[in-house]
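Data first, discussion second: the structure below is written as structure tokens.
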Amino acid sequence: MEVHALLEALHVAERLKDATRHCYTSGGRRESVAEHSWRITLMAFFMRDEFPGADMDRVIRMCLIHDLGECFTGDIPSFDKTAADEAREEQLLSEWVEALPEPYRAEMRELYAEMAARETTEAKIYKALDSLEAVIQHNESDLSTWTENEYSLNLTYGEDKAAFSPYLTALRRAVREDTERKLTAKA
């Protein structure tokens, strides 16, 4: 990529460092979208051996780019995000992707289409990791930072996305056990 085009793309992506999510870190500050994206990418890296038939480098690329639309809209929690919010984010992201030079434009277009369709093993893995990381982060944060709906949501969020894989189902079960321990300790 030509250096000026690279810098321009990086300046847009940098916004994710300041775009905060609704959850908190274990240290008590709001988590950034960039931190969430980094950790699901790290999760994919560590799970490469669990999915020998999958293109885990492709999953890693999906994880890296999955929330770039939030450069333009900020983070809207899944339980608050409307169809209109999603459409706006997709439109702004699409406009940005179309301005990128080739071959990045074509690759990102292809990845986003695959991610949206969620038909490939790679897209299913990415989406499960996206959901599971959010629950893991909530489990690591102080319970006082949870919204009322998260007490029940954390027990089930992402189960449907992990169900296709015995490994991800086991991970989801372990994450639920962490949630239950956290909630029991509160009582």
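What to note about this one:
- The residue list E122, E114 contains one member that is assigned to a helix (DSSP H, G or I), among the charged types (D, E, K, R) and surrounded by fewer than 20 Cβ atoms within 10 Å (Cβ to Cβ), which is E114.
- Selection status of A54, more than 18 Å from the chain's Cα centre (by Cα), at negative phi and buried (at least 17 other Cβ atoms within 10 Å of the Cβ): yes
- Candidate set: the range 67-83, residues that are assigned to a loop (DSSP other than H, G, I, E, B) and of a type in the set (S, T, Y); chosen: the one surrounded by the fewest Cβ atoms within 10 Å (Cβ to Cβ): T82
- Checking the range 168-175 against the condition returns a match, with at least one residue being free of Cβ contacts under 8 Å to residues at least 40 places away in the same chain, closer than 20 Å to T121 by Cβ and surrounded by 19 or more Cβ atoms within 10 Å (Cβ to Cβ).
- Residues of the range 141-172 classified as touching a helix residue (DSSP H, G or I) at 6+ places or on another chain (Cβ under 9 Å) and of a type outside the set (A, V, I, L, M, F, W, C), total: 15
- T20 farther than 25 Å from E122 by Cβ and in contact (Cβ under 8 Å) with a residue 24 or more places away in the chain: yes
- Among the residues listed as E86, E102, the single one being surrounded by fewer than 17 Cβ atoms within 10 Å (Cβ to Cβ) and at pLDDT 95 or above: E102
- Residue within the range 29-45 that is surrounded by fewer than 16 Cβ atoms within 10 Å (Cβ to Cβ) and farther than 21 Å from A162 by Cβ present: yes
- Among the residues of the range 11-39, none is identified as hydrophobic (A, V, I, L, M, F, W, C), within 12 Å of the chain's Cα centre (by Cα) and within 14 Å of H138 (Cβ to Cβ).
- Matching residues in the range 1-39 - criterion: being among the small types (G, A, S) and assigned to a helix (DSSP H, G or I): A5, A9, A13, A34, S37
- Single match in L93, L42, L64 (criterion: assigned to a helix (DSSP H, G or I) and touching a Leu at 6+ places or on another chain (Cβ under 8 Å)): L93
- Tally, over the range 72-108, of residues that are β-branched (V, I, T) and within 18 Å of H36 (Cα to Cα): 2
The values are calculated or read from the model by the stated rules, or taken from the named source; none is laboratory data. Small disclaimer: the values here were computed from a predicted structure and weren't measured. Using ideal geometry, Cβ is built from the backbone for each residue, glycine included, and neighbour counts are taken over all protein chains shown.
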